[in-house]
Amino acid sequence: MKKTLLYVGMLCGLAACTNRPSQEAEMDKFVSRLINQMTLEEKIGQLNLPTVGFDVTGPRMSEAVEQKIKDGLVGGVFNTYTPDAVRKLQEMAVTQTRLHIPLLMGYDVIHGHRTIYPIPLGLAATWDTALIRRIAVAVADEASADGLHWTFSPMVDIARDPRWGRVSEGAGEDPYVGAEIAKAMVRGYEQGDLRKQNTLLSCIKHFALYGAAEAGRDYNTTDMSRLRMYNEYLPPYKAAVEAGASSVMTSFNEIDGVPATGNRWLLTDLLRRQWGFDGLVVTDYTAIAEMENHGVGNKAQVTELAINAGVDMDMVSEYFIDELPALVKAGRVKEAVIDAACRRILEAKYKLGLFDDPYRGVSKERAAAQIMNAEKLALSKEAAVKSIVLLKNDRHTLPLDASKKIAFIGPLVKDQRNLIGNWSAAGDWRQAVSLWSALENKFAGHTFLYAKGCNLIDDAALRDKLNPHGGEIVPDSRSPQQLLAEAVQTARRADVVVAVLGEPFGMSGEAASRTNLDLPATQQALLKALKETGKPVALVLMNGRPLTLQWEHDHLDAILETWYAGTRAGDAITDVLFGDANPSGKITMTYPLNVGQIPIYYNHKHTGRPFNDKEKYTSKYLDAGNEPLYPFGHGLSYTQFTYSAVQLSDTTLTAGGHITASVTLTNSGSRAGEEVVQLYICDRVGSITRPVKELKGFQKVALQPGESRQVDFALTPDLLKFYNADLQWTTEPGDFWVFIGGSSVTANKAVVLLQ
Ligand code: NOJ
C-alpha cells in the first residue's frame, strides 16, 4: 500500500496544474511516461471492460474478473457500486498490479442512480433543458458518491419507430430536441471539469443510428442514405461531442454494411477526424464478438476490425485481451494503435483525478449525505410533474374534484414495481411512491374507491418472457372475471372513474420490441367495461413508448400520459390529477393511430402526390388516415393558450444578419400554466427535398390567467442550414415558412426570404 501511494503521489506531482493548456500538457507528459513503462499486455489490459456483479444485459457474463484485475488485464469494470464494493476492486487494482493503475467504474445510470427520475422519453416531454441539466448534476452527485465514475448515458439515438422498446431511453424523434437534451445531459454529468468529485464521465450512445433498426426489432439491421444520416440522425451525437462528452459507445447495428463497432469511416473519419472527438470509444456489450454473427470475420478478424476502426475499449467480449497480443506480433495491428487506445483510457482516468485519488468522492459519509436526500427527492417529483402529458381532456374531466366520489381502478393504482421503469439502475422500487399511497398521504381520512380490475397482462406466454428479467408479474388469485366484476361494481358507485393502466415496465426498454402497441387485451376489456357503466373515465397511463390509443381516445374522457415517472411518481400524478399542478409536458414522439402507420414522424418529406381523399392515386392508406393520433409536440393544459399571428422584424434575412420572429402568447384560461412555444421552419425549395417542417427552437413560458407575453425567436441563416447532396453544411437562398405554435401541426406562419 505504501508503495502505491508513493508511486501515485510521484505521478501526481506532475499532475498538479493551474490552467487548461498546461493541464493538457501535464496530462500528456504523465500519460506518456506511464505508457512507456507498460508492457504490451498491460496496455491491452487497459482496453478490457468486463462486467462484475448482477446485471447481465447481454448473452454472456464476464468470468474471473478479480483475478484478471490482479493480473493487470482490466482497465475498468461496470455493474458494481457502493463505497465498499468499489473500494474492494479499486484496492486490488492499485495495490496488487505492477503499475497500480486505478480502474474506471462504469454503470448504466440512465434516469437516476438511486433516486429515480422519469424515463428519458418522459424527461424529454418536459422540454426543460435546464431541469434536465439539473437532474444530470444531481444524478452524478449521487452516483459518484456511490463509487461510480462513468455513466453509459445519454442515449441520443433518434427513434421514430415505437415498436422499438428502447424509445423509452431517448428523447424521441426530433434531431433538434435530441441535440438540446444531449448537450444538457453531457454538461450536467461532466460540468466541464471531471476533477470535481461529484461529476461523471458521460457516454454518448449508441453510435450510430441504433434507433433506426428495421421494423423496430432490437439489434436489427439499419440502412439509410448519408443525407438522412447527416440531416436527421447524426445531429444529437454531434451536439453531444461538441458539448464535451468524454466517451462514445458503439452501436450493435451495421452502417453501410459494416457493423458500427468495426466501422472505420464512422469511428475514425467521422467521429475523430470530422468532429474532432478526442475521448474514448467503448463498444456496447459483446459488440466485438457479435461481429462474428454479422458475418464479417472470425474472432481474430473482428478484433482487428474493431481496433483498427477506432475502438478503444472492449465491453465484455474479451476479444482484445485474447487476440491483440498475437495480432500485434503478426503485424496486423500496429502497437501505436494500441498505445493510442490505451492513452485515451488513461486520459479519462487522469481527467477524473483517479491517479491523485483512486477513491475519488467515495465515502460512506458522502453516500449517506447524497443518496436520496431531500433535495433529490424533491427534484424527482418536480421532474415527474413536468414530464406528465395531458393527451386528451374533454368537458374538464380533469382536474378531479376531491369532493366527488372517485374510483381508482387498475393494476397500477397500488403498484410500486413498475413506477421506476426499465434501466432504473440502483433504484429500489420499494422506495417508489405509489399513486395509492400518495392519495392516502395527501387526502388523509378521505375515502377513495378502489378495485384492481385486471392483471397487467393475462397472456401467460408473455408473462413467462418478462418475468425472468425481473418482471415480477404475478396473476391475481381471483379470476379475470371476478376482477372485472368487482371493478364494474366499484365504478357504478363512483361519480368519476380513474383507470390506471399501461405496460409492465419490462415491455419497454432493451430487447422489448413489440408488433402490437395496444394496451394489453385484459386492460382493454376492463376499459370497455368501465365505459359501459356510463361514468366519466379518465385514463392514467404508465408506459415507455407511444401506444396505439385510438379506441381509448374515441371513447374515454381524459388521457394522462405519466410514463414511468420515477421515485416520486405517485405524488406527482396526484398533484396533476387534482390540479395542484397544471400539466405542461408535450410529447416528443408521434403517437400513431395504428402500427401500420409506423414509421410516422412529423418532419417527413413532401410527396409528389400529397394526400387527397378524393383522388385515388395519392399518398394514403385505404383503411386509415395519414395523420397520427397525437402529433409531435402535442400536450394540453388545464388552461388555454392563444397565439397571435407570427410577427417578423423583417421579412428578409441576409448573410450574417438576423431577424426576430415573435408571437404574443396569452393564457386565456383560468389557471396559471406553462406552455412550450415551438418554432418550426419549412424550406420551400431546395437543391434537395426538404422536410415539411423542422423544429428550430422552443421556449417554455409560464403565464398567470389573463397574462400575455411576447415570445421572440432569433432567426439566423445558420438556423436554416442543412447538408446538401455533397454533404456540405450550407444555406440556400429562397423562401422559408416560419411557424410558431403549440405543436407540430400549427399552421400559424409567416414567410421569410433568405437572400
Ligand atoms: C447494452 C446496452 O445496449 C447499452 O445501452 C448498455 O449501456 C450496455 N448494455 C451496458 O449495460
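Hey, any hits in segment 480-488 for a residue that's surrounded by fewer than 13 Cβ atoms within 10 Å (Cβ to Cβ) and not in a loop (DSSP other than H, G, I, E, B)?
Checking segment 480-488: at least one residue is surrounded by fewer than 13 Cβ atoms within 10 Å (Cβ to Cβ) and not in a loop (DSSP other than H, G, I, E, B).
Return the pairs, sorted by first residue and then second, in which the second residue is within 16 Å of the ligand (Cβ to nearest atom) and charged (D, E, K, R), the first residue lies in segment 71-96 and is in a strand (DSSP E or B), the beta carbons are less than 8 Å apart, and the residues are 6+ apart or on different chains.
As it stands, the answer is Phe78/Asp108, since those pairs meet every condition given.
For segment 40-73, give me the residue count where each residue is away from the ligand (no atom under 16 Å from the Cβ) and of a type outside the set (Gly, Ala, Ser).
15
Answer yes or no as to whether Leu201 is within 16 Å of the ligand (Cβ to nearest atom) and assigned by TED's automatic domain parsing to the domain that holds Ser62.
Criteria met by Leu201.
Give the residue, chosen from Leu201, Leu227, that is surrounded by 21 or more Cβ atoms within 10 Å (Cβ to Cβ) and either over 22 Å from Pro599 (Cα atoms) or in contact (Cβ under 8 Å) with a residue 40 or more places away in the chain (or both).
Going through Leu201, Leu227 in turn, just one is surrounded by 21 or more Cβ atoms within 10 Å (Cβ to Cβ) and either over 22 Å from Pro599 (Cα atoms) or in contact (Cβ under 8 Å) with a residue 40 or more places away in the chain (or both): Leu201.
So, in segment 433-472, exactly how many residues are free of Cβ contacts under 8 Å to residues at least 12 places away in the same chain, within 22 Å of Ala402 (Cβ to Cβ) and not acidic (Asp, Glu)?
3
Within segment 192-207, track down each residue that is of a type in the set (A, V, I, L, M, F, W, C) and in contact with an Asp or Glu (Cβ under 8 Å, 6 or more places away or on another chain).
Leu200, Leu201
Yes or no: segment 212-220 includes at least one residue that is of a type in the set (Ser, Thr, Tyr) and either buried (at least 24 other Cβ atoms within 10 Å of the Cβ) or more than 16 Å from the ligand (Cβ to nearest atom) (or both).
Within segment 212-220, not a single residue is of a type in the set (Ser, Thr, Tyr) and either buried (at least 24 other Cβ atoms within 10 Å of the Cβ) or more than 16 Å from the ligand (Cβ to nearest atom) (or both).
Within segment 698-744, which residues are aliphatic (A, V, I, L, M) and within 27 Å of Leu391 (Cα to Cα)?
Listed by number, the residues that qualify are Val701, Ala702, Leu703, Val711, Val738, Ile740.
Of all residues in segment 721-748 being among the polar types (S, T, N, Q) and part of a loop (DSSP other than H, G, I, E, B), which is surrounded by the fewest Cβ atoms within 10 Å (Cβ to Cβ)?
Gln728
Every residue in segment 240-276 that is within 16 Å of the ligand (Cβ to nearest atom), free of Cβ contacts under 8 Å to residues at least 60 places away in the same chain and part of a helix (DSSP H, G or I), please.
Across segment 240-276, the qualifying residues are Ala260, Thr261.
For segment 553-570, which residues satisfy the criterion of being surrounded by fewer than 24 Cβ atoms within 10 Å (Cβ to Cβ) and part of a helix (DSSP H, G or I)?
His553, Asp554, His555
Considering only segment 319-339, state which residues are under 27 Å from Gly147 (Cα atoms) and of a type in the set (A, V, I, L, M).
Matches in segment 319-339: Ile321 only.
In segment 147-163, what residues are more than 12 Å from the ligand (Cβ to nearest atom) and under 24 Å from Thr590 (Cβ atoms)?
Ile158, Ala159, Arg160, Asp161, Pro162, Arg163
Would you please name the residue that is farthest from the ligand (Cβ to nearest atom), looking only at residues in segment 221-239 that are charged (D, E, K, R) and part of a helix (DSSP H, G or I)?
The extreme case among them is Arg226.
Within segment 107-120, identify whether any single residue is part of a helix (DSSP H, G or I) and buried (at least 24 other Cβ atoms within 10 Å of the Cβ), and answer yes or no.
yes
Would you be able to say whether some residue in segment 435-442 is part of a loop (DSSP other than H, G, I, E, B) and of a type outside the set (A, V, I, L, M)?
no
May I ask you to verify whether His111 is within 16 Å of the ligand (Cβ to nearest atom) and not aliphatic (A, V, I, L, M)?
Taking the combined requirement at face value, the residue satisfies it.
The values are calculated or read from the model by the stated rules, or taken from the named source; none is laboratory data. The structure displayed is predicted, hence computed values, not measured ones. Counting neighbours? That spans all protein chains shown, and the Cβs are built from the backbone with ideal geometry, glycine included.
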